[in-house]
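Since the structure comes first, as structure tokens, the remarks are kept for the end.
The values are calculated or read from the model by the stated rules, or taken from the named source; none is laboratory data. What you see is a predicted model, and the numbers here were worked out from it, not measured in a lab. Backbone-built Cβ (ideal geometry, glycine too); neighbour counts: all protein chains shown.
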């Protein structure tokens, strides 16, 4: 067969061949398009394309700004690229295996977080198996000040930058400091009241709740001063077992032992002396002269029995004998 047998030799044959070839091309394109549609129908690529078209229509209808449009498109592309890391990929895997996968991926990050320092491994594991990944574009705002937050973010990759207003931070620090100071003042008032009134159980519960047993009032009187002056042996014994200063002086140079002696609580004074308490009186002569002037032989005897020198002088250089 020669070339002339299949080659168009006249106008009619040329038109027929043109129509035949065009029809063949259109039919082939139609068949290939339908086959491609059947293959990719329901795929993630098609869903992403449809979703992007819907988003573009929404942005056009609402005339959103160009920067906002780019952020939305970038976020959708990031979601599409990160679909293989989402929890949906593992939804058909048993929970025990998913827990092991989470521990393998996230445990090193959570263990090094200062928030969970000294926490038990069981507690950390419970947090790890509940984590899920989220991806953010560079420059994207994660959260803003004043927004209600119901979740915790852990930065595993990349850098998180924080922007703050110094004025707002200073005001917040001032408010927090004032609130803490007021709470501490109220707690100190309650614990001092419990010590003064002899409410041992309330005092014990307040100290265990965080009250400072060494905190003094406006006169420098500690809880031990109050308990010693009132003769509460149970409270005194409880306070001694805590790291309190047993020889602390108030603004009037009174120690807990001196308070106990002045108020006639001999048993409590003996308890304090047994634990190492001392009078630490710098002007013992004044106390001796006052006791002699008032005729208080009991107070005088207690002072002498606790080491006050009988020859001590007061501010006028007088002794109890003068």
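Listed here are the residues, each with its yes/no results for (1) over 19 Å from the mean Cα position of the chain (by Cα); (2) surrounded by 11 or more Cβ atoms within 10 Å (Cβ to Cβ).
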{"residue": "172", "(1), (2)": "no, yes"}
{"residue": "186", "(1), (2)": "yes, no"}
{"residue": "191", "(1), (2)": "yes, yes"}
{"residue": "212", "(1), (2)": "yes, yes"}
{"residue": "215", "(1), (2)": "yes, yes"}
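When residue 285 is tested against (1) surrounded by 13 or more Cβ atoms within 10 Å (Cβ to Cβ); (2) assigned to a helix (DSSP H, G or I); (3) modelled with pLDDT of 70 or more, only condition (3) is not met.
Conditions (1) within 19 Å of residue 188 (Cα to Cα); (2) at pLDDT below 85; (3) in a loop (DSSP other than H, G, I, E, B), marked per residue:
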| residue | (1), (2), (3) |
| --- | --- |
| 214 | yes, yes, yes |
| 217 | yes, yes, yes |
| 226 | yes, no, no |
| 246 | yes, no, yes |
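Could you tell me whether the range 117-139 includes any residue that is at pLDDT 75 or above, at positive phi and surrounded by 10 or more Cβ atoms within 10 Å (Cβ to Cβ)? No, that holds for no residue.
Checked against the criterion of being at pLDDT 75 or above and loosely packed, with under 10 Cβ neighbours inside 10 Å, the candidates 162, 158 yield just one match: 158. Pairs linking a residue in the range 143-159 that is within 18 Å of residue 114 (Cα to Cα) to a residue that is surrounded by 10 or more Cβ atoms within 10 Å (Cβ to Cβ), with Cβ atoms under 6 Å and 6 or more positions apart or on different chains, are 154/109; 156/109. Restricting attention to the range 217-232, the residues that are surrounded by fewer than 16 Cβ atoms within 10 Å (Cβ to Cβ) and under 20 Å from residue 271 (Cβ atoms) add up to 0. Condition check for residue 146 on (1) surrounded by 10 or more Cβ atoms within 10 Å (Cβ to Cβ); (2) within 29 Å of residue 79 (Cα to Cα); (3) out of contact with any helix residue (DSSP H, G or I) (no Cβ under 6 Å at 6 or more places or on another chain); (4) at pLDDT below 80: one failure, at (1).
Looking only at the range 83-116, which residues are assigned to a loop (DSSP other than H, G, I, E, B) and either modelled with pLDDT under 75 or touching a strand residue (DSSP E or B) at 6+ places or on another chain (Cβ under 8 Å) (or both)? Answer for the range 83-116, where residues must be assigned to a loop (DSSP other than H, G, I, E, B) and either modelled with pLDDT under 75 or touching a strand residue (DSSP E or B) at 6+ places or on another chain (Cβ under 8 Å) (or both): 86, 91, 92, 93, 94. Scanning the range 197-210 for residues that are surrounded by 15 or more Cβ atoms within 10 Å (Cβ to Cβ) and more than 15 Å from residue 187 (Cα to Cα) yields 198, 200.
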